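Written below as structure tokens is the structure these notes are about.
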Amino acid sequence: MDELSKEYVIDFFTKRFMHFKDKPEAVGWTAQGQILRYNTVLKFLNPQGKILLDFGCGKGDFYGFLKEKGISCFYKGIDINPHLIALAKEKYKDAEFVVQDIENEPLRTNFNYTVAIGVFNLAVEGVESSMNRCLKILFNHTTDKLILTCLNKKTSLRDIGLVYYDKKYLENLAENFQCKYQVIDDLVDGDLFLILEK
């Protein structure tokens, strides 16, 4: 994604945030859909006491979800949107939240787990190549498992402003990592899950 596309993404979610405030709709989810995705991601992780990176964390809702489940982990959330990060810092003072663009600012830490939940869903120029680059960076800084969720091309309900992926595309992408992987399309209706394991 070029800088203009990133500015568009920041502006898009800032406007949603100004309208929806601290609701899941601010980051493009419904409350029910968000919890469903979080519960599904959690089935593949055991984050208790581990170091977890939430890439594209928005306003920190996944951290709030983990806290409600009684899970204590060393959590770091990063996002390119300063407004969402400011809210996350205000809500969750016991976690680390940073405005960071990993394509331009290197990660300096490794994580047991990395999650990227619905990060590459907005249809902007270069989103697929950006996803590929970011996944390589994230995987290089993940010691155990990386989970990506994205929208499934097989869904019957589509929004023109969103990008949808097919299972084969993610399988081809995963082959580049030369690791154990799964691409699952029947966990959440309309979503694909890519799980990369070291």
Show the residue pairs that are 6+ apart or on different chains and have beta-carbon atoms under 6 Å apart, the first residue being within the range 171-198 and over 17 Å from ASN152 (Cα atoms) and modelled with pLDDT under 95, the second being β-branched (Val, Ile, Thr) and not in a strand (DSSP E or B). none
Considering only residues of the range 12-27 that are in contact (Cβ under 8 Å) with a residue 24 or more places away in the chain and closer than 15 Å to GLY60 by Cβ, which is surrounded by the fewest Cβ atoms within 10 Å (Cβ to Cβ)? ASP22
Any residue in the range 83-94 that is touching a residue at least 40 places away in the same chain (Cβ under 8 Å) sitting within a Cβ distance under 7 Å of a residue that is among the small types (Gly, Ala, Ser) and buried (at least 19 other Cβ atoms within 10 Å of the Cβ)? List the pairs, counting only those 6 or more apart or interchain. LEU84/GLY58; LYS91/GLY60
Based on what the data block shows, is ASN140 out of contact with any strand residue (DSSP E or B) (no Cβ under 6 Å at 6 or more places or on another chain) and modelled with pLDDT of 95 or more? yes
Inside the range 170-198, the number of residues satisfying the requirement of being farther than 22 Å from THR142 by Cα and not hydrophobic (A, V, I, L, M, F, W, C) is 5
Please verify whether LYS69 is touching a residue at least 24 places away in the same chain (Cβ under 8 Å), out of contact with any strand residue (DSSP E or B) (no Cβ under 8 Å at 6 or more places or on another chain), charged (D, E, K, R) and under 23 Å from PHE193 (Cα atoms), treating the condition exactly as stated. yes
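Output the residue which, of all residues in the range 142-168 that are hydroxyl-bearing (Ser, Thr, Tyr) and more than 18 Å from the chain's Cα centre (by Cα), is surrounded by the most Cβ atoms within 10 Å (Cβ to Cβ).
Among them, the one singled out is THR155.
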Pick from the range 83-101, criterion assigned to a helix (DSSP H, G or I) and among the small types (Gly, Ala, Ser), ranking: surrounded by the most Cβ atoms within 10 Å (Cβ to Cβ): ALA88
So THR109, is it modelled with pLDDT of 95 or more and closer than 20 Å to ASP61 by Cβ: no
Hey, among ASP166, ASP144, ASP189, ASP185, which residue is of a type outside the set (A, V, I, L, M) and under 18 Å from GLY28 (Cα atoms)? ASP189
Could you say which residue among TYR165, TYR181 is of a type in the set (Phe, Trp, Tyr) and out of contact with any Cys (no Cβ under 7 Å at 6 or more places or on another chain)? TYR181
Among the residues of the range 181-192, is there at least one that is touching a Ser or Thr at 6+ places or on another chain (Cβ under 6 Å), surrounded by fewer than 19 Cβ atoms within 10 Å (Cβ to Cβ) and closer than 22 Å to ASP101 by Cα? no
Flag if ASP2 is surrounded by fewer than 21 Cβ atoms within 10 Å (Cβ to Cβ), more than 25 Å from PHE193 (Cα to Cα) and either touching a residue at least 12 places away in the same chain (Cβ under 8 Å) or out of contact with any strand residue (DSSP E or B) (no Cβ under 9 Å at 6 or more places or on another chain) (or both): yes
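The values are calculated or read from the model by the stated rules, or taken from the named source; none is laboratory data. Predicted model, so just to flag it, every value in this text is computed and none were measured. Heads up, the Cβs are rebuilt from the backbone with ideal geometry, glycines too, and the neighbour counts pull from every protein chain shown.
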